[in-house]
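J.: Below are the C-alpha coordinates for one structure; questions will follow.
The values are calculated or read from the model by the stated rules, or taken from the named source; none is laboratory data. These figures come from a predicted structure and were not determined experimentally. For neighbour counting, all protein chains shown are included, and Cβ atoms are generated from backbone atoms with ideal geometry for every residue, glycine included. Ligands, DNA and RNA are excluded from the accessible area calculation, which covers all protein heavy atoms including side chains. Shrake-Rupley method; radii C 1.70, N 1.55, O 1.52, S 1.80 Å.
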2 protein chains.
Amino acid sequence: MAIPRAAKTQRRTRIQEAKEEQILEAALDVFSRHGFRGATIDEIAEVAGMSKPNLLYYFRTKEAMHRALIERVLDTWLDPLREFDDKGNPASEIRSYIRRKLEMARDFPRESRLFANEVLRGAPLIEDELKGPLKQLVDEKAEVIRAWAKAGKIAGCDPYHLIFSIWSTTQHYADFDVQVRAVLGQEKDGQGRFEDAARYLEQLFLGGLGLEGDRRAEVPAMKEQPGGL
Amino acid sequence: MAIPRAAKTQRRTRIQEAKEEQILEAALDVFSRHGFRGATIDEIAEVAGMSKPNLLYYFRTKEAMHRALIERVLDTWLDPLREFDDKGNPASEIRSYIRRKLEMARDFPRESRLFANEVLRGAPLIEDELKGPLKQLVDEKAEVIRAWAKAGKIAGCDPYHLIFSIWSTTQHYADFDVQVRAVLGQEKDGQGRFEDAARYLEQLFLGGLGLEGDRRAEVPAMKEQPGGL
DNA sequence: CAATAATTTGACCGTTTGGTAAACATTACA
DNA sequence: TGTAATGTTTACCAAACGGTCAAATTATTG
(Lines give C-alpha, C1' and ligand atoms only; values in the text may rest on other atoms or scores of the structure.)
Protein backbone atom coordinates (compact mmCIF):
# COMPACT_ATOMS: atom_id res chain seq x y z
CA MET A 1 0.00 0.00 0.00
CA ALA A 2 1.31 3.41 -0.80
CA ILE A 3 -0.62 6.21 0.79
CA PRO A 4 1.46 9.34 0.37
CA ARG A 5 2.54 11.71 3.07
CA ALA A 6 2.62 10.10 6.50
CA ALA A 7 -0.21 7.64 6.42
CA LYS A 8 -0.40 5.14 9.23
CA THR A 9 2.44 6.53 11.27
CA GLN A 10 2.03 10.23 11.94
CA ARG A 11 5.76 10.82 12.15
CA ARG A 12 7.53 11.93 8.96
CA THR A 13 10.42 9.73 7.98
CA ARG A 14 13.87 11.10 7.25
CA ILE A 15 13.43 10.14 3.64
CA GLN A 16 10.22 12.11 3.40
CA GLU A 17 11.85 15.12 4.92
CA ALA A 18 14.80 14.95 2.55
CA LYS A 19 12.81 14.33 -0.61
CA GLU A 20 10.28 17.03 0.08
CA GLU A 21 13.14 19.43 0.60
CA GLN A 22 14.73 18.34 -2.64
CA ILE A 23 11.46 18.80 -4.50
CA LEU A 24 10.69 22.21 -3.06
CA GLU A 25 14.18 23.36 -3.93
CA ALA A 26 13.65 22.33 -7.55
CA ALA A 27 10.14 23.74 -7.56
CA LEU A 28 11.43 27.06 -6.32
CA ASP A 29 13.80 27.14 -9.23
CA VAL A 30 11.14 26.50 -11.83
CA PHE A 31 8.19 28.39 -10.35
CA SER A 32 10.31 31.46 -9.70
CA ARG A 33 11.31 31.61 -13.34
CA HIS A 34 8.08 30.72 -15.07
CA GLY A 35 5.24 31.38 -12.63
CA PHE A 36 2.59 28.85 -11.74
CA ARG A 37 1.08 28.24 -15.12
CA GLY A 38 4.36 28.38 -16.97
CA ALA A 39 6.02 25.81 -14.75
CA THR A 40 5.72 22.12 -15.59
CA ILE A 41 5.91 19.12 -13.29
CA ASP A 42 8.22 17.43 -15.75
CA GLU A 43 10.77 20.21 -15.51
CA ILE A 44 10.59 20.29 -11.74
CA ALA A 45 11.07 16.53 -11.63
CA GLU A 46 14.06 16.80 -13.92
CA VAL A 47 15.67 19.54 -11.83
CA ALA A 48 14.94 17.55 -8.67
CA GLY A 49 16.53 14.51 -10.27
CA MET A 50 13.61 12.17 -9.85
CA SER A 51 10.80 10.69 -11.89
CA LYS A 52 7.53 12.53 -12.22
CA PRO A 53 5.39 9.92 -10.47
CA ASN A 54 7.90 9.82 -7.67
CA LEU A 55 7.55 13.54 -7.24
CA LEU A 56 3.78 13.24 -7.32
CA TYR A 57 4.01 10.72 -4.55
CA TYR A 58 5.10 13.51 -2.22
CA PHE A 59 2.97 16.30 -3.64
CA ARG A 60 -0.21 15.10 -5.23
CA THR A 61 -0.72 18.07 -7.49
CA LYS A 62 1.19 20.93 -8.98
CA GLU A 63 -0.90 23.30 -6.92
CA ALA A 64 -0.04 21.49 -3.68
CA MET A 65 3.64 22.01 -4.43
CA HIS A 66 3.14 25.63 -5.22
CA ARG A 67 1.06 26.20 -2.14
CA ALA A 68 3.64 24.57 0.11
CA LEU A 69 6.37 26.73 -1.40
CA ILE A 70 4.47 29.97 -1.13
CA GLU A 71 3.48 29.41 2.46
CA ARG A 72 7.01 28.73 3.52
CA VAL A 73 8.43 31.70 1.64
CA LEU A 74 5.78 34.16 2.71
CA ASP A 75 6.60 33.51 6.32
CA THR A 76 10.33 34.03 5.92
CA TRP A 77 9.71 36.99 3.71
CA LEU A 78 8.02 39.04 6.38
CA ASP A 79 10.54 38.35 9.14
CA PRO A 80 12.46 41.58 8.58
CA LEU A 81 9.32 43.64 9.00
CA ARG A 82 8.41 41.76 12.18
CA GLU A 83 11.80 42.65 13.60
CA PHE A 84 11.12 46.29 12.90
CA ASP A 85 11.19 47.65 16.43
CA ASP A 86 9.37 50.63 17.86
CA LYS A 87 11.79 50.78 20.79
CA GLY A 88 14.84 51.54 18.66
CA ASN A 89 15.61 54.92 17.20
CA PRO A 90 14.06 55.63 13.81
CA ALA A 91 17.27 56.08 11.85
CA SER A 92 18.84 52.80 12.87
CA GLU A 93 15.59 50.85 12.64
CA ILE A 94 15.00 52.01 9.11
CA ARG A 95 18.61 51.46 8.16
CA SER A 96 18.69 47.93 9.43
CA TYR A 97 15.33 47.15 7.88
CA ILE A 98 16.69 48.22 4.51
CA ARG A 99 19.83 46.17 5.07
CA ARG A 100 17.91 43.06 5.99
CA LYS A 101 15.62 43.37 3.00
CA LEU A 102 18.59 43.92 0.74
CA GLU A 103 20.36 40.91 2.17
CA MET A 104 17.31 38.82 1.42
CA ALA A 105 17.19 40.10 -2.15
CA ARG A 106 20.83 39.14 -2.48
CA ASP A 107 20.70 35.76 -0.78
CA PHE A 108 17.23 34.57 -1.73
CA PRO A 109 16.43 36.07 -5.11
CA ARG A 110 14.37 33.08 -6.21
CA GLU A 111 12.10 33.43 -3.22
CA SER A 112 11.58 37.06 -4.13
CA ARG A 113 10.79 36.21 -7.72
CA LEU A 114 8.41 33.46 -6.70
CA PHE A 115 6.50 35.98 -4.66
CA ALA A 116 6.60 38.57 -7.43
CA ASN A 117 5.26 36.05 -9.92
CA GLU A 118 2.43 35.18 -7.61
CA VAL A 119 1.43 38.79 -7.03
CA LEU A 120 1.75 39.58 -10.74
CA ARG A 121 -0.87 37.05 -11.65
CA GLY A 122 -3.27 38.46 -9.08
CA ALA A 123 -2.17 36.48 -6.01
CA PRO A 124 -5.12 34.05 -6.09
CA LEU A 125 -3.39 31.78 -3.59
CA ILE A 126 -2.48 34.38 -1.02
CA GLU A 127 -5.21 36.94 -1.28
CA ASP A 128 -6.45 36.14 2.20
CA GLU A 129 -2.95 36.19 3.59
CA LEU A 130 -2.40 39.66 2.12
CA LYS A 131 -5.67 41.13 3.31
CA GLY A 132 -5.37 39.51 6.73
CA PRO A 133 -2.04 38.92 8.48
CA LEU A 134 0.04 41.04 6.11
CA LYS A 135 -2.25 44.05 6.31
CA GLN A 136 -2.39 43.68 10.07
CA LEU A 137 1.39 43.60 10.37
CA VAL A 138 1.80 46.61 8.13
CA ASP A 139 -0.92 48.52 9.96
CA GLU A 140 0.91 47.90 13.18
CA LYS A 141 4.27 49.07 11.87
CA ALA A 142 2.70 52.04 10.11
CA GLU A 143 1.38 53.13 13.47
CA VAL A 144 4.90 53.04 14.87
CA ILE A 145 6.15 55.22 12.05
CA ARG A 146 3.29 57.62 12.44
CA ALA A 147 4.09 57.92 16.14
CA TRP A 148 7.70 58.76 15.29
CA ALA A 149 6.52 61.47 12.96
CA LYS A 150 4.11 62.86 15.56
CA ALA A 151 6.95 62.97 18.09
CA GLY A 152 9.02 64.91 15.59
CA LYS A 153 11.63 62.16 15.35
CA ILE A 154 11.22 61.88 11.57
CA ALA A 155 9.65 64.05 8.91
CA GLY A 156 5.94 63.51 8.50
CA CYS A 157 5.20 61.09 5.69
CA ASP A 158 2.72 58.45 4.62
CA PRO A 159 3.95 55.36 6.49
CA TYR A 160 2.29 52.91 4.10
CA HIS A 161 3.98 54.34 1.07
CA LEU A 162 7.23 54.46 2.98
CA ILE A 163 6.99 50.74 3.56
CA PHE A 164 6.00 50.13 -0.07
CA SER A 165 9.02 52.08 -1.25
CA ILE A 166 11.37 50.06 0.90
CA TRP A 167 9.85 46.84 -0.37
CA SER A 168 10.05 47.88 -3.98
CA THR A 169 13.53 49.34 -3.99
CA THR A 170 15.11 46.38 -2.22
CA GLN A 171 13.23 43.62 -4.00
CA HIS A 172 14.02 45.27 -7.29
CA TYR A 173 17.55 43.92 -7.00
CA ALA A 174 16.21 40.38 -6.95
CA ASP A 175 13.23 40.61 -9.28
CA PHE A 176 14.85 42.78 -11.94
CA ASP A 177 18.32 41.36 -11.49
CA VAL A 178 18.98 40.80 -15.18
CA GLN A 179 17.99 44.36 -15.98
CA VAL A 180 20.13 45.79 -13.19
CA ARG A 181 23.11 43.79 -14.41
CA ALA A 182 22.52 44.72 -18.01
CA VAL A 183 22.48 48.41 -17.17
CA LEU A 184 25.42 48.34 -14.78
CA GLY A 185 27.51 46.34 -17.22
CA GLN A 186 30.02 43.63 -16.52
CA GLU A 187 32.29 45.66 -14.29
CA LYS A 188 29.72 45.58 -11.51
CA ASP A 189 28.91 41.94 -12.05
CA GLY A 190 30.05 40.82 -8.61
CA GLN A 191 28.10 41.46 -5.44
CA GLY A 192 29.37 45.02 -5.27
CA ARG A 193 26.10 46.37 -6.57
CA PHE A 194 24.43 45.36 -3.32
CA GLU A 195 26.89 47.39 -1.28
CA ASP A 196 26.36 50.33 -3.59
CA ALA A 197 22.62 49.90 -3.35
CA ALA A 198 22.79 49.77 0.44
CA ARG A 199 24.76 53.01 0.58
CA TYR A 200 22.49 54.74 -1.86
CA LEU A 201 19.23 53.59 -0.30
CA GLU A 202 20.31 54.64 3.16
CA GLN A 203 21.12 58.08 1.90
CA LEU A 204 17.82 58.24 0.06
CA PHE A 205 15.60 57.13 2.90
CA LEU A 206 17.37 58.84 5.76
CA GLY A 207 17.62 62.04 3.75
CA GLY A 208 14.03 61.75 2.63
CA LEU A 209 12.96 61.48 6.25
CA GLY A 210 15.11 64.34 7.47
CA LEU A 211 17.58 62.10 9.26
CA GLU A 212 20.87 62.87 7.54
CA GLY A 213 22.49 63.77 10.83
CA ASP A 214 22.07 60.24 12.11
CA ARG A 215 23.93 58.89 9.13
CA ARG A 216 26.56 56.83 10.93
CA ALA A 217 24.17 55.20 13.38
CA GLU A 218 25.00 51.98 15.15
CA VAL A 219 23.95 49.65 12.35
CA PRO A 220 26.38 47.03 11.11
CA ALA A 221 27.32 46.75 7.45
CA MET A 222 25.69 44.12 5.29
CA LYS A 223 26.49 40.60 6.33
CA GLU A 224 28.44 38.27 4.11
CA GLN A 225 26.25 35.74 2.36
CA PRO A 226 25.06 33.22 4.91
CA GLY A 227 23.90 29.65 4.37
CA GLY A 228 20.45 28.35 3.51
CA LEU A 229 17.10 29.70 4.47
CA MET B 1 -4.66 32.02 -51.87
CA ALA B 2 -4.06 33.19 -48.34
CA ILE B 3 -0.61 34.45 -47.66
CA PRO B 4 -0.73 36.14 -44.29
CA ARG B 5 0.30 39.65 -43.47
CA ALA B 6 0.31 41.92 -46.49
CA ALA B 7 1.22 39.66 -49.36
CA LYS B 8 0.68 40.97 -52.85
CA THR B 9 -0.24 44.48 -51.86
CA GLN B 10 2.35 46.06 -49.57
CA ARG B 11 -0.23 48.29 -47.98
CA ARG B 12 -1.85 46.98 -44.80
CA THR B 13 -5.59 46.88 -45.03
CA ARG B 14 -7.83 48.54 -42.43
CA ILE B 15 -9.00 45.12 -41.41
CA GLN B 16 -5.46 43.95 -40.79
CA GLU B 17 -4.73 46.99 -38.71
CA ALA B 18 -7.87 46.57 -36.65
CA LYS B 19 -7.50 42.83 -36.09
CA GLU B 20 -3.86 43.02 -35.14
CA GLU B 21 -4.76 45.69 -32.64
CA GLN B 22 -7.54 43.56 -31.27
CA ILE B 23 -5.19 40.59 -30.94
CA LEU B 24 -2.40 42.52 -29.26
CA GLU B 25 -4.87 43.98 -26.82
CA ALA B 26 -6.01 40.50 -25.83
CA ALA B 27 -2.46 39.20 -25.82
CA LEU B 28 -1.43 41.97 -23.47
CA ASP B 29 -4.15 40.90 -21.11
CA VAL B 30 -3.10 37.27 -21.04
CA PHE B 31 0.69 37.60 -21.25
CA SER B 32 0.75 40.24 -18.54
CA ARG B 33 -1.05 37.93 -16.16
CA HIS B 34 0.60 34.62 -16.93
CA GLY B 35 3.93 35.32 -18.58
CA PHE B 36 5.04 33.83 -21.87
CA ARG B 37 4.96 30.18 -20.97
CA GLY B 38 1.84 30.43 -18.88
CA ALA B 39 -0.17 32.12 -21.62
CA THR B 40 -2.06 30.03 -24.15
CA ILE B 41 -3.09 30.89 -27.67
CA ASP B 42 -6.55 29.54 -26.97
CA GLU B 43 -7.10 31.97 -24.13
CA ILE B 44 -5.82 34.91 -26.15
CA ALA B 45 -8.10 33.94 -29.00
CA GLU B 46 -11.04 33.72 -26.64
CA VAL B 47 -10.32 37.12 -25.11
CA ALA B 48 -9.86 38.59 -28.58
CA GLY B 49 -13.17 37.07 -29.61
CA MET B 50 -11.91 35.15 -32.60
CA SER B 51 -11.01 31.61 -33.54
CA LYS B 52 -7.51 30.32 -32.95
CA PRO B 53 -6.66 29.75 -36.62
CA ASN B 54 -7.91 33.21 -37.39
CA LEU B 55 -5.57 34.63 -34.78
CA LEU B 56 -2.71 32.57 -36.14
CA TYR B 57 -3.42 34.02 -39.55
CA TYR B 58 -2.18 37.37 -38.26
CA PHE B 59 0.58 36.13 -35.98
CA ARG B 60 2.07 32.86 -37.07
CA THR B 61 3.36 31.82 -33.66
CA LYS B 62 2.87 32.59 -30.02
CA GLU B 63 6.38 33.95 -29.90
CA ALA B 64 5.70 36.34 -32.79
CA MET B 65 2.80 37.78 -30.85
CA HIS B 66 4.82 38.14 -27.73
CA ARG B 67 7.70 39.72 -29.57
CA ALA B 68 5.44 42.26 -31.27
CA LEU B 69 3.93 43.18 -27.93
CA ILE B 70 7.21 43.53 -26.09
CA GLU B 71 8.76 45.68 -28.78
CA ARG B 72 5.86 48.07 -28.79
CA VAL B 73 5.73 48.33 -25.02
CA LEU B 74 9.45 48.66 -24.46
CA ASP B 75 9.52 51.69 -26.67
CA THR B 76 6.66 53.46 -24.91
CA TRP B 77 8.04 52.43 -21.58
CA LEU B 78 11.23 54.38 -21.93
CA ASP B 79 9.69 57.58 -23.19
CA PRO B 80 9.61 59.25 -19.77
CA LEU B 81 13.33 58.68 -19.33
CA ARG B 82 14.04 60.06 -22.79
CA GLU B 83 12.20 63.22 -21.84
CA PHE B 84 14.40 63.59 -18.79
CA ASP B 85 16.09 66.87 -19.60
CA ASP B 86 19.54 68.09 -18.58
CA LYS B 87 18.55 71.69 -19.31
CA GLY B 88 15.86 71.86 -16.67
CA ASN B 89 16.49 72.24 -12.97
CA PRO B 90 17.07 69.02 -11.05
CA ALA B 91 14.13 69.27 -8.67
CA SER B 92 11.49 69.77 -11.33
CA GLU B 93 13.05 67.25 -13.72
CA ILE B 94 13.05 64.55 -11.08
CA ARG B 95 9.60 65.48 -9.91
CA SER B 96 8.11 65.28 -13.35
CA TYR B 97 9.96 62.07 -14.14
CA ILE B 98 8.40 60.49 -11.08
CA ARG B 99 4.99 61.83 -12.04
CA ARG B 100 5.22 60.51 -15.57
CA LYS B 101 6.32 57.08 -14.42
CA LEU B 102 3.54 57.01 -11.87
CA GLU B 103 1.00 58.02 -14.48
CA MET B 104 2.16 55.15 -16.62
CA ALA B 105 1.85 52.71 -13.75
CA ARG B 106 -1.68 53.98 -13.20
CA ASP B 107 -2.78 54.08 -16.84
CA PHE B 108 -0.88 51.14 -18.29
CA PRO B 109 -0.47 48.58 -15.53
CA ARG B 110 -0.69 45.65 -17.91
CA GLU B 111 2.20 46.96 -19.94
CA SER B 112 4.22 47.23 -16.76
CA ARG B 113 3.37 43.71 -15.72
CA LEU B 114 4.18 42.36 -19.16
CA PHE B 115 7.61 43.86 -18.85
CA ALA B 116 8.03 42.62 -15.29
CA ASN B 117 7.09 39.11 -16.34
CA GLU B 118 9.63 39.19 -19.10
CA VAL B 119 12.44 40.38 -16.87
CA LEU B 120 11.49 37.90 -14.15
CA ARG B 121 12.05 34.97 -16.45
CA GLY B 122 15.45 36.25 -17.45
CA ALA B 123 14.48 38.54 -20.32
CA PRO B 124 15.56 36.16 -23.09
CA LEU B 125 13.76 38.21 -25.70
CA ILE B 126 15.10 41.61 -24.77
CA GLU B 127 18.56 40.87 -23.42
CA ASP B 128 20.18 42.70 -26.30
CA GLU B 129 17.80 45.60 -25.94
CA LEU B 130 18.68 45.92 -22.27
CA LYS B 131 22.43 45.69 -22.72
CA GLY B 132 22.40 47.98 -25.74
CA PRO B 133 19.92 50.83 -26.17
CA LEU B 134 18.61 50.78 -22.62
CA LYS B 135 22.04 50.80 -21.03
CA GLN B 136 23.10 53.56 -23.38
CA LEU B 137 20.12 55.70 -22.48
CA VAL B 138 20.65 55.18 -18.78
CA ASP B 139 24.36 55.88 -19.07
CA GLU B 140 23.54 59.15 -20.75
CA LYS B 141 21.02 60.24 -18.12
CA ALA B 142 23.28 59.06 -15.31
CA GLU B 143 25.91 61.41 -16.64
CA VAL B 144 23.46 64.29 -16.43
CA ILE B 145 22.71 63.46 -12.81
CA ARG B 146 26.40 63.13 -11.99
CA ALA B 147 27.00 66.55 -13.50
CA TRP B 148 24.25 68.02 -11.32
CA ALA B 149 25.91 66.51 -8.26
CA LYS B 150 29.32 67.80 -9.29
CA ALA B 151 27.85 71.28 -9.73
CA GLY B 152 26.42 71.04 -6.23
CA LYS B 153 22.85 71.24 -7.48
CA ILE B 154 21.90 67.98 -5.77
CA ALA B 155 23.49 65.81 -3.10
CA GLY B 156 26.09 63.40 -4.41
CA CYS B 157 24.60 59.97 -5.04
CA ASP B 158 24.91 56.96 -7.29
CA PRO B 159 22.88 58.00 -10.35
CA TYR B 160 22.27 54.42 -11.49
CA HIS B 161 20.74 53.40 -8.22
CA LEU B 162 18.76 56.61 -8.18
CA ILE B 163 17.22 55.65 -11.50
CA PHE B 164 16.61 52.09 -10.32
CA SER B 165 14.84 53.37 -7.24
CA ILE B 166 12.54 55.58 -9.29
CA TRP B 167 11.74 52.69 -11.59
CA SER B 168 11.03 50.29 -8.77
CA THR B 169 8.98 52.59 -6.56
CA THR B 170 6.73 53.75 -9.37
CA GLN B 171 6.29 50.44 -11.19
CA HIS B 172 5.52 48.81 -7.86
CA TYR B 173 2.06 50.39 -8.00
CA ALA B 174 1.35 48.52 -11.23
CA ASP B 175 3.17 45.24 -10.67
CA PHE B 176 2.18 44.73 -7.05
CA ASP B 177 -1.19 46.38 -7.38
CA VAL B 178 -3.13 43.62 -5.63
CA GLN B 179 -0.75 43.71 -2.70
CA VAL B 180 -0.90 47.48 -2.43
CA ARG B 181 -4.69 47.38 -2.47
CA ALA B 182 -4.82 44.55 0.04
CA VAL B 183 -2.65 46.47 2.48
CA LEU B 184 -4.33 49.83 2.01
CA GLY B 185 -7.77 48.28 2.36
CA GLN B 186 -10.97 49.19 0.61
CA GLU B 187 -11.08 52.80 1.70
CA LYS B 188 -8.20 53.64 -0.62
CA ASP B 189 -9.57 51.54 -3.44
CA GLY B 190 -10.04 54.44 -5.80
CA GLN B 191 -7.23 56.16 -7.63
CA GLY B 192 -6.36 58.18 -4.53
CA ARG B 193 -3.41 55.96 -3.75
CA PHE B 194 -1.63 57.31 -6.80
CA GLU B 195 -1.97 60.87 -5.56
CA ASP B 196 -0.72 59.80 -2.15
CA ALA B 197 2.14 57.93 -3.74
CA ALA B 198 3.07 60.95 -5.83
CA ARG B 199 3.18 63.20 -2.77
CA TYR B 200 5.18 60.69 -0.77
CA LEU B 201 7.66 59.85 -3.51
CA GLU B 202 8.37 63.49 -4.22
CA GLN B 203 9.10 64.12 -0.60
CA LEU B 204 11.29 61.03 -0.45
CA PHE B 205 13.35 61.75 -3.53
CA LEU B 206 13.66 65.50 -3.20
CA GLY B 207 14.49 65.12 0.48
CA GLY B 208 16.94 62.32 -0.21
CA LEU B 209 18.72 64.52 -2.71
CA GLY B 210 18.84 67.58 -0.47
CA LEU B 211 16.22 69.47 -2.46
CA GLU B 212 13.45 70.08 0.06
CA GLY B 213 13.59 73.82 -0.53
CA ASP B 214 12.52 73.38 -4.13
CA ARG B 215 9.40 71.54 -3.09
CA ARG B 216 6.80 73.65 -4.86
CA ALA B 217 8.62 73.78 -8.15
CA GLU B 218 6.83 74.47 -11.41
CA VAL B 219 5.65 70.93 -12.05
CA PRO B 220 1.97 70.26 -12.72
CA ALA B 221 0.01 67.78 -10.66
CA MET B 222 -0.70 64.33 -12.02
CA LYS B 223 -2.82 64.31 -15.11
CA GLU B 224 -6.24 62.78 -15.17
CA GLN B 225 -6.32 59.43 -16.88
CA PRO B 226 -5.88 59.97 -20.61
CA GLY B 227 -6.99 57.75 -23.45
CA GLY B 228 -5.19 54.81 -25.09
CA LEU B 229 -1.53 54.25 -25.59
C1' DC C 1 -20.72 40.99 -62.15
C1' DA C 2 -16.96 38.11 -62.37
C1' DA C 3 -12.82 36.80 -60.52
C1' DT C 4 -9.25 37.32 -57.64
C1' DA C 5 -7.37 38.23 -53.20
C1' DA C 6 -8.11 38.43 -48.22
C1' DT C 7 -10.21 36.48 -44.29
C1' DT C 8 -12.44 33.00 -41.37
C1' DT C 9 -13.58 28.46 -39.87
C1' DG C 10 -14.01 23.38 -38.47
C1' DA C 11 -11.51 19.44 -38.48
C1' DC C 12 -7.40 17.73 -37.50
C1' DC C 13 -2.28 16.44 -36.01
C1' DG C 14 1.64 15.45 -33.22
C1' DT C 15 3.40 16.75 -28.75
C1' DT C 16 3.25 18.10 -24.08
C1' DT C 17 0.77 18.39 -20.03
C1' DG C 18 -1.09 17.00 -15.30
C1' DG C 19 -2.03 12.99 -13.28
C1' DT C 20 -3.03 7.61 -12.48
C1' DA C 21 -2.49 2.37 -12.01
C1' DA C 22 -0.16 -1.19 -10.84
C1' DA C 23 3.95 -3.70 -10.46
C1' DC C 24 8.30 -3.65 -8.33
C1' DA C 25 11.91 -2.34 -4.85
C1' DT C 26 13.32 -0.88 -0.50
C1' DT C 27 13.06 0.11 4.33
C1' DA C 28 11.52 -0.31 9.13
C1' DC C 29 10.78 -3.07 12.79
C1' DA C 30 8.44 -6.95 15.54
C1' DT D 1 14.16 -12.86 9.06
C1' DG D 2 9.53 -12.04 7.62
C1' DT D 3 6.17 -8.91 6.57
C1' DA D 4 3.82 -4.74 6.40
C1' DA D 5 4.60 -0.02 5.27
C1' DT D 6 7.01 3.02 2.46
C1' DG D 7 9.16 4.42 -1.72
C1' DT D 8 10.14 4.09 -6.89
C1' DT D 9 9.39 3.06 -11.64
C1' DT D 10 7.31 1.79 -16.15
C1' DA D 11 3.54 2.22 -18.83
C1' DC D 12 -0.18 4.69 -19.65
C1' DC D 13 -4.33 8.10 -20.10
C1' DA D 14 -7.33 12.05 -21.32
C1' DA D 15 -7.08 16.78 -21.89
C1' DA D 16 -4.74 20.80 -23.39
C1' DC D 17 -1.25 22.53 -26.12
C1' DG D 18 0.92 24.98 -30.44
C1' DG D 19 0.13 24.81 -34.94
C1' DT D 20 -1.61 23.17 -39.92
C1' DC D 21 -4.82 22.45 -43.73
C1' DA D 22 -8.26 22.77 -46.98
C1' DA D 23 -12.55 24.37 -47.59
C1' DA D 24 -15.82 28.08 -47.02
C1' DT D 25 -16.82 32.88 -46.66
C1' DT D 26 -16.27 37.73 -47.37
C1' DA D 27 -13.98 42.05 -49.56
C1' DT D 28 -11.93 44.28 -53.29
C1' DT D 29 -11.57 45.64 -57.75
C1' DG D 30 -11.21 45.31 -63.02
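J.: Using a 1.4 Å probe and counting only protein heavy atoms, how much accessible surface gets buried when B and A come together, both sides summed, in Å² to the nearest 100?
T.: Summing both sides, the interface buries roughly 4800 Å².
J.: Sequence neighbours fewer than 8 away in the same chain don't count; with that in mind, list the aspartates and glutamates whose C-alpha is under 18 Å from A:Lys131.
T.: A:Glu71, A:Asp75, A:Asp79, A:Glu118, A:Asp139, A:Glu140, A:Glu143, B:Asp175, B:Asp177, B:Glu187, B:Asp189
J.: On to the next question. Read phi for every residue in the range B:185-196 and hand back ³J(HN,Hα) as whole Hz from Karplus 6.51 cos²θ - 1.76 cosθ + 1.60, θ = phi - 60°, with x for Gly and Pro.
T.: Rounded to whole hertz, the list is x, 5, 4, 8, 7, x, 8, x, 4, 6, 5, 4.
J.: Given label points at 7 Å from Cα along Cα→Cβ, what nm distances, shortest first, separate B:Lys188 from the same residue in every other copy?
T.: 2.9
J.: Tell me the relative contact order for the range A:73-213 as a rounded percent, counting alpha carbon contacts under 8 Å between residues six or more apart.
T.: For the range A:73-213, the relative contact order is 34 percent.
J.: On a 0 to 90° scale, report how tilted helix B:62-83 is relative to the longest principal axis of chain B, with both axes built from alpha carbons and the result rounded to the nearest 10.
T.: Helix B:62-83 sits at roughly 20 degrees to that axis.
J.: Tell me which lysines have Cα within less than 19 Å of B:Lys135's Cα, excluding those fewer than 8 residues away on the same chain?
T.: Once the sequence-local lysines are set aside, what remains near B:Lys135 is A:Lys188, B:Lys101.
J.: I need the inter-copy label distances for B:Arg60: point set 7 Å along Cα to C-beta, values in nm with one decimal, smallest first.
T.: With the label placed 7 Å along Cα→Cβ, B:Arg60 yields 4.6 nm.
J.: May I ask for the percentage of alpha-carbon pairs in chain A that lie more than 28 Å from each other?
T.: Result for the distance tail: 41 percent.
J.: Testing the spin-label approximation: label points 7 Å from Cα along Cα→Cβ at A:Arg14 and A:Ala68. State their distance in nm.
T.: Here the modelled spin labels are 2.0 nm apart.
J.: Can you pull the mean other chain C-beta count within 10 Å for peptide A:153-164?
T.: Averaged over the peptide's residues, the number is 5.
J.: If I model a spin label as a point 7 Å beyond the Cα along the Cα-Cβ vector, how far apart are those points for A:Asp189 and A:Leu137 in nm?
T.: Between A:Asp189 and A:Leu137, the label points sit 3.6 nm apart.
J.: For chain A, what does the accessible surface come to per residue with a 1.4 Å probe? Please give it in Å².
T.: 46 Å²
J.: I've got another one for you. Between B:Lys153 and A:Glu25, what is the FRET efficiency for a Förster distance of 41 Å, r being their Cβ-Cβ separation, to the nearest 0.05?
T.: 0.25
J.: Further question on the same structure: Suppose a student asked you for the relative contact order of the range B:16-152, using Cα pairs under 8 Å spaced at least 6 residues apart; what percent would you report?
T.: RCO, the range B:16-152: 29 percent.
J.: Might you report the magnitude of the Cβ-based charge dipole of chain B about its Cα centre, with Lys and Arg at +1 and Asp and Glu at -1, to the nearest 20 debye?
T.: 460 debye
J.: Shape of the protein assembly as shown from its Cα gyration tensor (a ≥ b ≥ c, root eigenvalues): rounded if a/c is under 1.5, otherwise prolate when a/b > b/c, or oblate?
T.: oblate
J.: Within straight cross-link reach of B:Lys153, meaning Cα distance under 18 Å, which lysines are found once same-chain residues fewer than 8 apart are removed?
T.: By straight Cα distance, B:Lys153 reaches B:Lys87, B:Lys141.
J.: Between the label point of B:Lys150 and that of the same position in each other copy, find the distances and list them shortest first in nm, with every label point placed 7 Å from Cα along the Cα-to-C-beta direction.
T.: 4.8
J.: As a test question: what accessible area, to the nearest 10 Å², does B:Glu143 have when a 1.4 Å probe is rolled over all protein chains in place?
T.: Surface open to solvent at B:Glu143 totals about 100 Å².
J.: Counting partner chain Cβ atoms within 10 Å of every residue's Cβ in A:194-205, what's the average?
T.: 4
J.: How high is the relative contact order of the range B:14-60, in percent, with contacts defined as C-alpha pairs under 8 Å that are six or more residues apart?
T.: Here the relative contact order equals 39 percent.
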